[in-house]
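Below is one structure, written out as structure tokens, with a few remarks after it.
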Amino acid sequence: MRERTPHEVGLHVTHLDALPNGRFVLQGHDAAGERNAQIYGRDGRRRHGFAMGRAVGFMMGDRRHHIWSAYFDEGVYVDPISAAGLVRWDSGGNSLWRYAAPEGAEHIDTVYAFNVGDGVAWACYYPAFALLEARTDGHVRLRRTPVSAPAGMAVHKDEILTLGGDRRHDLLHRCRLTGDEALLIEEARLTFPDGAPLKRYARPVGRGRHLYLRGPSPRQWYVTGL
């Protein structure tokens, strides 16, 4: 891990993530014009700025030079960029793909839980809380899930682990993925390593098989997963 110092940020940052080759991307508001996402080189100098839309709920990069952005309803219903609910960009800020719900399926209102791996993004969204699998090769699949309003998830092979949902922020559901649904295998309550009850802090971050949770301090993180 190396420390980077960005220059000429020009926005109030709400999301940031690393990109390949030492680069990183920032997203926020109060930027000049509509370029509320900015890409920086390894030297901390700004390379590109572009419009990512309003009400970005999640923004994550992957190791294949993609940036994924998922949105809340405050953006979906008022902003043409956010309207798809989930968008994939290249590392230059060019839009490559926008989600379009299959016939008969609900469109994205708000993404509640999000996970990004190499070449794939997973989203659980309101109103139906379907599990969306979106791959960079164009493959898209929706599955029914037994969990309403999860806060985070980890995915590995044919299993998914969700945290939260059903009004219990510390509840874990482990499910097996089939072609059209996620079948519940077991439930458990997540605690801190010392057995203390899990408290609400920042939104969990899902990366592939891992789910990261921030502790009481911004520098304190815990990890669970599959």
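Here, each number is a calculation from the coordinates, and none is a lab measurement. Treat the numbers as computed from the prediction; the structure is a model and nothing was measured. We place every Cβ from the backbone using ideal geometry, glycine too, and count neighbours over all the protein chains shown.
Below are the figures for this structure:
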item: Unit charges at the beta carbon, dipole of the range 1-101: most positive-side option, His48, Ala101, Ala70; result: His48
item: Ascending count of other beta-carbon atoms within 10 Å, so fewest first, for Thr191, Thr110; result: Thr191, Thr110
item: 222 nm mean residue ellipticity, helices alone, for the chain (DSSP H n ≥ 4; -39,500 (n - 2.57); rounded to 500); result: 0 deg cm²/dmol
item: 13 Å beta-carbon shell around Ser148, net charge (K/R +1, D/E -1); result: +2
item: Spin-label proximity, Ala202 to the range 44-87 - amide N less than 16 Å from point 7 Å beyond Cα toward beta carbon; result: 57-61
item: Label point 7 Å beyond Cα of Ala149 along Cβ direction - residues of the range 169-204 with amide nitrogen under 11 Å; result: 169
item: Debye, to nearest 20: dipole size of the chain, +1 on Lys, Arg Cβ, -1 on Asp, Glu Cβ; result: 760
item: Dipole magnitude of the range 1-101, debye to nearest 20 (Cβ charges: Lys/Arg +1, Asp/Glu -1, about Cα centre); result: 480
item: Charge dipole of the chain about the Cα centre (unit charges at C-beta), most positive-ward option of Ala134, Phe24, Ile185; result: Phe24
item: Hull-based mean projected area of the chain, where the convex hull spans the alpha carbons, in square nanometres; result: 12.6
item: Difference of contour (0.36 nm per residue) and Cα-Cα distance, Arg64 to Ala100; result: 10.7 nm
item: Formal net charge of residues neighbouring Asp137 (Cβ-Cβ distance under 14 Å; K, R +1; D, E -1); result: +1
item: Calculated from backbone phi, Karplus (6.51, -1.76, 1.60) coupling profile of the range 72-80 in Hz, x at Gly/Pro; result: 8, 5, 4, x, 4, 8, 10, 10, x
item: Gain upon complete extension [Glu186, Asp118; 0.36 nm per residue less C-alpha separation]; result: 21.8 nm
item: Chain lengthening between His107 and His48 when straightened (0.36 nm per residue, less Cα-Cα); result: 18.2 nm
item: Karplus-derived HN-Hα couplings along the range 166-173 (A = 6.51, B = -1.76, C = 1.60, θ = phi - 60°), whole Hz, x at Gly and Pro; result: 6, 6, 10, 6, 9, 8, 9, 10
item: Residue-count net charge about Arg174 - beta-carbon cut-off 11 Å; Lys, Arg +1, Asp, Glu -1; result: -2
